[in-house]
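Before any comments, here is the structure.
The values are calculated or read from the model by the stated rules, or taken from the named source; none is laboratory data. Since this is a predicted model, take the numbers as computed values, not measurements. Using ideal geometry, Cβ is built from the backbone for each residue, glycine included, and neighbour counts are taken over all protein chains shown.
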Amino acid sequence: MARDAASRPADRKRHWLFDFAPLAACFALLISLGFLPPDTSSAEVDATGRLSVCMPSNYPPLVTGNAEAPGFEVELVNEIADRLGWRLNIVTNAAMGRDFNPRNWRINRAQCQMLAGGIVMSATTQSFLDTTRPHLQTGWALISRSDAALADIDGQIGFYAGLTGLDRIGLGQYLRQSGISPKIVNTANALRSDLERGTIAGGVTEGLLAASMADDNDLNVTLLGEPLEQFSLGLGFWKGDVTLQRKVSSVLDQMWADGTIETIAERYGLDSVFLCSPNGASCG
Amino acid sequence: MGSVLGQLGGVYAIWLREVKRSLRDKGQLIGGVSRPLLWVLILGIGLNPYFRGEVYGEVRFVVPYTYIQFIFPAVVVLNILYTSVQSAVSLIWDREFGFMREVMVAPISRNLVLLGKVLGGATTAVIHGCMVLAVAHFVGIGLTIETILKALALMFTMAFGLTAFGIIIANYVRGFEGFGVFSNAVILPLYFTASSVFPLDPALTRAQTLVTYPEWLVVIVEHNPMTYAVDAMRGILIGFNQFDPTLGFTVVGAMAASLFALAMWEFRKI
């Protein structure tokens, strides 16, 4: 009787182990199956050894078209390709820098496996692209010679749409409410030369572009705050290309850890206002 | 005080018995594993390319998730639906072998016996729902603590109501075979008409929806409470809702409360 009482806790333990072992085995099986590759996107790039990236033809400071300093995102994807042992093939697409709707860029997975050069993490882009964690942030910005607020600027304001994916409708409403009727220009150069000639007192454009113009011309840049949104930028992948996205994301994590991203950003004058934190928490 | 503790001890004993028995039931475990494998890994992978944002130049299905992500929350609900309803088979088992008679003479109220059984079934169903969550990495869904806690709360409420529903069925169906056939005849239509494998596009107006789908199907989908359970689960796991996000929790909560009340009424006849 005494021996029975002593052996009871051990028996109970054994029973519980017996009860839970099959369940634990089921969970172990499912968790391990969860790590199966869900697609062939990374294997396809590995097989050809070449990563094709669609980018706008010119979007300083992200893509400059200058061989010496090709742009922040060009250097970023170059470094990613290098670390993964892939050759980089940049497919330039002029529509990417011009058109608001990414679905009008007319690019498809036959042309490129990755998209870079100012992929804004908006609902529109994320409706057909998967993205990495953000590495830059931007929004509509005011560029001018004075440090006056947008509503206090005396004179005509210029507007260049620039980076795709930003909310132009929201900006339009904001400008109308502020009583501003901007002069719309078609290129960054037109905005720059209008500012230099003094035909406009200030310009509204995307923040990173404004920063690169300000660097050359001693101008002030102010990101326009509420009610306008700030947007995060990352690298884009076709929906469902999970393995490629995971591989590139892990290299980006390494590049954050060893300071490579900050070094490249510094080279293009991208300070902490634009650069995200390594986990992307400080963006957007 | 002692009596209350005694009653709660009785609920605990019934709960523990239900959980242990379902964990020892290999058939139920295999079912719990095979559903995420078949639905998520096989069906999801098979159909994923036809629903992703872009297939070699043709835009097919422009929504902020892949098809495999779209059906994933519905498979969580499917696993809960199956396990909850089928856990009520224990009632038939207990009735058949006379165990229920012994329980009924115990100094514990019938409602608490029912509560113990429903809690046991709900616990098992939540464990089976978690089996689907175990393959979240494959689907590309990042689970945070907050997401998991919200999902568990919804899963438990849903499982509680559905186990009560299973008990109502078990009260009318006397044999094991009959229960299996009847529960399948209920589970699969409930699942397929819950917008689980196809969306009623929220961007469409009601008139456009009625042009896209036959009216009878839209009416069934809109009146199926599981539609709102699947929708709430999608809201938690992939941040996508076809209906008002609060509606899902309201419908699931109301469903659980009313089905348990109905099960209490039915349980008096045993």
task = May I ask you to say which residue of B:ILE127, B:ILE148, B:ILE108 is farther than 22 Å from A:PHE20 by Cα and either modelled with pLDDT under 90 or not charged (D, E, K, R) (or both)?
result = B:ILE108
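Conditions tested, residue by residue: (1) surrounded by 14 or more Cβ atoms within 10 Å (Cβ to Cβ); (2) within 12 Å of chain B (Cβ to nearest Cβ); (3) in a loop (DSSP other than H, G, I, E, B).
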site: A:TRP16; (1), (2), (3): no, yes, no
site: A:ASP19; (1), (2), (3): yes, yes, no
site: A:PRO22; (1), (2), (3): yes, yes, no
site: A:PHE27; (1), (2), (3): yes, yes, no
site: A:SER32; (1), (2), (3): no, yes, no
site: A:PRO37; (1), (2), (3): no, yes, yes
site: A:VAL45; (1), (2), (3): yes, no, no
remark   = Filter region B:59-81 for residues that are more than 8 Å from every other protein chain (Cβ to nearest Cβ) and at pLDDT below 65; the one that is nearest to the chain's Cα centre (by Cα) is B:PHE61
query = Could you list, in sequence order, the residues of region A:75-96 that are in contact (Cβ under 8 Å) with a residue 60 or more places away in the chain and out of contact with any helix residue (DSSP H, G or I) (no Cβ under 8 Å at 6 or more places or on another chain)?
reply = A:VAL77
request  = Mind counting the residues in region A:58-72 that are of a type in the set (A, V, I, L, M) and under 19 Å from A:ALA161 (Cβ atoms)?
outcome  = 2
Selection count, region A:47-70, where residues are in a loop (DSSP other than H, G, I, E, B) and of a type outside the set (A, V, I, L, M) = 11
task = Consider A:ALA116 carefully, then state whether it is among the aliphatic types (A, V, I, L, M) and surrounded by fewer than 15 Cβ atoms within 10 Å (Cβ to Cβ).
result = no
All helices (runs of 4 or more DSSP H) inside region B:82-145 with 3 or more residues being buried (at least 18 other Cβ atoms within 10 Å of the Cβ), within 11 Å of chain A (Cβ to nearest Cβ) and under 13 Å from the mean Cα position of the chain (by Cα) = B:110-133
ask   = Looking at A:ASP154, A:ASP99, which is the one that is farther than 17 Å from A:PHE231 by Cβ and at pLDDT below 80?
value = A:ASP154
query = Can you tell me which residues in region A:122-141 are touching a residue at least 12 places away in the same chain (Cβ under 8 Å) and among the polar types (S, T, N, Q)?
reply = A:SER122, A:THR124, A:THR125, A:THR131, A:THR132, A:GLN137, A:THR138
